1. Taking the convex hull of the alpha carbon atoms in chain A, what volume per residue do you get, in Å³?
2. Nearest 0.05, what FRET efficiency do residue A:49 and residue A:72 give at R0 = 22 Å with Cβ-Cβ as r?
3. At what distance in angstrom do the alpha carbon centres of region B:1-35 and region A:1-27 lie from each other?
4. List the residue from chain A whose beta-carbon is nearest to the axis that rotates chain A onto chain B, together with that distance in whole Å.
5. Taking beta carbons within 10 Å but only from partner chains, what does the mean come to for residues A:122-133?
6. Sorted from shortest, what are the nm distances separating the label point of residue A:40 from equivalent points in the other copies, each placed 7 Å from Cα along Cα to C-beta?
7. Take the alpha carbon gyration tensor of region A:1-70, find the square roots of its eigenvalues, order them as a ≥ b ≥ c, and report rounded if a/c is under 1.5; if not, report prolate when a/b exceeds b/c, else oblate.
8. Across peptide B:90-102, how many C-beta atoms of other chains are within 10 Å of each residue C-beta, on average?
DNA sequence: GTAGCCGATGAGAACGATTGTCAAACGCGC
DNA sequence: GCGCGTTTGACAATCGTTCTCATCGGCTAC
Ligand SMILES: [Zn+2]
Ligand SMILES: [Zn+2]
Ligand SMILES: [Zn+2]
Ligand SMILES: [Zn+2]
């Protein structure tokens, strides 16, 4: 039902090559630079289908843009992302999971789901920033 | 520095009257229905300044729309929202805050910030759903 | 191999929430 | 009441994302 096309594998390749979270538009540019032109709409469609299949993680930045990344960890997990360069660390917080379920039950809610992401400035970007300030 | 205008207090009044999270556009409609017409741009501006001042909480729905609500709790806190009816409970997770800071430090990140929201089906909506299924 | 079905593609238009523009309106301290 | 500087609002602009639809091209059946 899912055909293997040049575009689809090109997008998959880029996702394999890139480590950090990138927006659809950034991925589109990377593809163009690689000479493997892929229509923007197709990039969006492919990312969406990959996300639906759980093959990439999606999260929304503070300004509402969706960013995508092929994650190492398979199951449910969370992220600590640098808000400057996009560098990401995968983390999981078992305590958070149980706490969420607890809170839900406590207030009579069922089917508890949760979103949680951490944002910060990574060591490298922080150094960069401090250098600029200090000068 | 902050002038009290008819529009500003109209928005504040609506926020006081409404319990659940509502989008800027919904609030704009409510204002129109009340006969207290306020420009959409002004609604956005007012909500933003209220949010900056910590007088309303903002969060983004799954489809990327910002929703606003005057919260009882003043400081930093999180929400457990019914994904069916929008009913919201304010909660705070001291353990989560410290855990977030810990994770950040552990990976060399600075200025850690975090987003976390719980979603579920409230008791009333769950009963509603079960009734429908069972029949 | 190849015909042909039907999903996939892409250029561009459309969309929708939000923000910017700027002249006119109006709080507010005098 | 005056005047200044903020606020307003109709409208345009922005921008990420989705839609449209004519065309292309995997894939399968023959
Ligand atoms: Zn991940
Ligand atoms: Zn960084
Ligand atoms: Zn709140
Ligand atoms: Zn409910």
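No value in this document is a laboratory result; all are computed from the given coordinates. A quick note: this is a predicted structure, and the numbers were derived from the prediction, not measured. Virtual Cβ from ideal backbone geometry, glycine too; neighbours counted across all protein chains shown.
1. Cα-based convex hull of chain A, divided per residue, equals 157 Å³.
2. On the way: r = 20 Å, r/R0 = 0.93.
Efficiency, from the Cβ-Cβ distance: 0.60.
3. Centre-to-centre distance over Cα atoms comes out at 44 Å.
4. A:116, 2
5. Average neighbour count from other chains, rounded to a whole number: 2.
6. 2.2
7. On the way: a/c = 1.66, a/b = 1.22, b/c = 1.37.
Oblate, because a/c is 1.5 or more while a/b does not exceed b/c.
8. Other-chain Cβ atoms within 10 Å of each residue's Cβ, averaged: 3.
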